[in-house]
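Chemist: First the structure, which I've put down as structure tokens, then a few questions once you've had a look.
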Amino acid sequence: MISNFWQHQQQQQRTFIQMGTRLKVVDNSGAKEVVCIQSLRGKKGARLGDIIICSVKQGLPEKKKGKYDAVPIGKKFNWKDFIGTGKVRKGNVVYGVVVRAKMQKGRVDGSQVCFDDNAIVILGIKEPKKNYSGGFYQPIGTRVFGPVPHELRLRKQLKILALAQDLV
Amino acid sequence: MSHSFDCLCDVRTELCRFSGHKIYPGRGIRFIRSDSQVFLFINSKCKHYFHNKLKPSKLAWTTMYRKQHKKDAAQEAVKKRRRATKKPYSRSIVGATLEVIQKKRAEKPEVRDAAREAALRDIKERIKKTKDEKKAKKAEFASKQQKIQAKIPKAAAKGGPKLGGGGGKR
């Protein structure tokens, strides 16, 4: 028991979301797992409520054949090409907002909040050669799973709050 | 735990899920599990113990342990005793004002018994009276019938004899 305790102490406690961090996707946009490419806020990495750019590593299984396959990312984007598989597929570069983070985030009343996992909700697909204009993207999925923190209200992610099952 | 804050009137303290201590505002860590269950910990010690799956009921400084081993039993007993005495309900209800209730409560059992017996006697007399009346009526009715039957051969032509005090349409 004691050795476990000390091991835990020695592990890094501050775990920002940075390049290479794998995150779970908790909406029904089609992606399942995503890897962070860049955090748009913070030099050390993203925290709860921040927006990141990520690449989709795992998504819903794709259709077997037909003209709905493999739209190259540089090409003009067409929603019709993704009928039946989900809005986002493996290999897409997307924007996402972190809705759950293992790392504690301070709240206004002085307490700290942390979750069990790192999770994001996908906001939109990154068009190449275009940077995040700084507006407030809303999610492209229609459902959000799991608990969601109040911090999103400050980030103007109101649609996520509305779709959420549990507001924490 | 926070001795310096004892003088302040706290807005709202919560309880640590692990140790059971009070968490004053501004302290502690709130851990939200994937099933949306919220755990509050007063400090990282409790948080680490929780994540390492230690049981609070096995650690002597937690309230759970103390409850299990009945360490604060004397205080709890005193508390319980204070609450045990129940006062008789003294408020007026619809149908009986407070005075009526109090009067009834103040009645002695002998008085009540006497009253009950008197009431029973009353009822019995009433029943007897009605029975007697009924008997009398029956007797009257029977005698009337006899008279009418005696009259029938005389008054057969005059409409129908009204038996039983007017039998109504049948």
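The values are calculated or read from the model by the stated rules, or taken from the named source; none is laboratory data. What you are looking at is a predicted structure, and each value in this text was computed from that prediction instead of being measured. Virtual Cβ from ideal backbone geometry, glycine too; neighbours counted across all protein chains shown.
Chemist: Can you name the condition, by its number, that B:Ala136 falls short on among (1) of a type in the set (Gly, Ala, Ser); (2) on the phi > 0 side of the Ramachandran plot; (3) modelled with pLDDT of 85 or more?
Modeler: The number of the failed condition is (2).
Chemist: If you don't mind, another one. Being modelled with pLDDT under 90 and under 19 Å from A:Gly146 (Cα atoms) is the requirement here; does A:Gly59 meet it?
Modeler: yes
Chemist: Here's another thing I want to ask about it. Confirm whether A:Lys105 is within 20 Å of A:Pro149 (Cβ to Cβ) and at pLDDT 85 or above.
Modeler: Taking the combined requirement at face value, the residue satisfies it.
Chemist: Taking into account only those residues within the range B:13-56 that are assigned to a loop (DSSP other than H, G, I, E, B), more than 9 Å from every other protein chain (Cβ to nearest Cβ) and hydrophobic (A, V, I, L, M, F, W, C), which is nearest to A:Met103 (Cα to Cα)?
Modeler: B:Ile42
Chemist: Restricting attention to the range B:57-69, report how many residues are assigned to a loop (DSSP other than H, G, I, E, B) and under 15 Å from B:His21 (Cβ atoms).
Modeler: Residues flagged as assigned to a loop (DSSP other than H, G, I, E, B) and under 15 Å from B:His21 (Cβ atoms) within the range B:57-69 amount to 4.
Chemist: Follow-up question, since we're still on this one. In this structure, is B:Lys47 loosely packed, with under 13 Cβ neighbours inside 10 Å and modelled with pLDDT of 90 or more?
Modeler: So B:Lys47 fails the test.
Chemist: Moving on. Being more than 14 Å from chain B (Cβ to nearest Cβ) and under 16 Å from the mean Cα position of the chain (by Cα) is the filter; apply it to the range A:154-168 and report the residue that is surrounded by the fewest Cβ atoms within 10 Å (Cβ to Cβ).
Modeler: My answer is A:Leu158.
Chemist: Can you tell me which residues in the range A:104-119 are at the interface with chain B (Cβ under 7 Å from one of its Cβ atoms) and on the phi < 0 side of the Ramachandran plot?
Modeler: Hits for the range A:104-119 are A:Gln104, A:Asp109, A:Ser111, A:Gln112, A:Val113, A:Cys114, A:Phe115, A:Asp116, A:Asp117.
Chemist: Okay, next question. Checking A:Lys43 against (1) out of contact with any strand residue (DSSP E or B) (no Cβ under 6 Å at 6 or more places or on another chain); (2) surrounded by 14 or more Cβ atoms within 10 Å (Cβ to Cβ), which single condition isn't satisfied?
Modeler: Tallying (1) out of contact with any strand residue (DSSP E or B) (no Cβ under 6 Å at 6 or more places or on another chain); (2) surrounded by 14 or more Cβ atoms within 10 Å (Cβ to Cβ), A:Lys43 fails exactly one: (2).
Chemist: Would you point out which residue out of B:Thr13, B:Thr63 is of a type in the set (S, T, N, Q) and crowded, with 16+ Cβ neighbours inside 10 Å?
Modeler: Step by step, each of B:Thr13, B:Thr63 is checked, and only B:Thr63 is of a type in the set (S, T, N, Q) and crowded, with 16+ Cβ neighbours inside 10 Å.
Chemist: Select from the range A:11-31 the residues that are over 18 Å from A:Tyr137 (Cα atoms) and either modelled with pLDDT under 90 or buried (at least 16 other Cβ atoms within 10 Å of the Cβ) (or both) and list them in ascending order.
Modeler: A:Gln11, A:Gln12, A:Gln13, A:Arg14, A:Thr15, A:Phe16, A:Ile17, A:Gln18, A:Thr21, A:Leu23, A:Lys24
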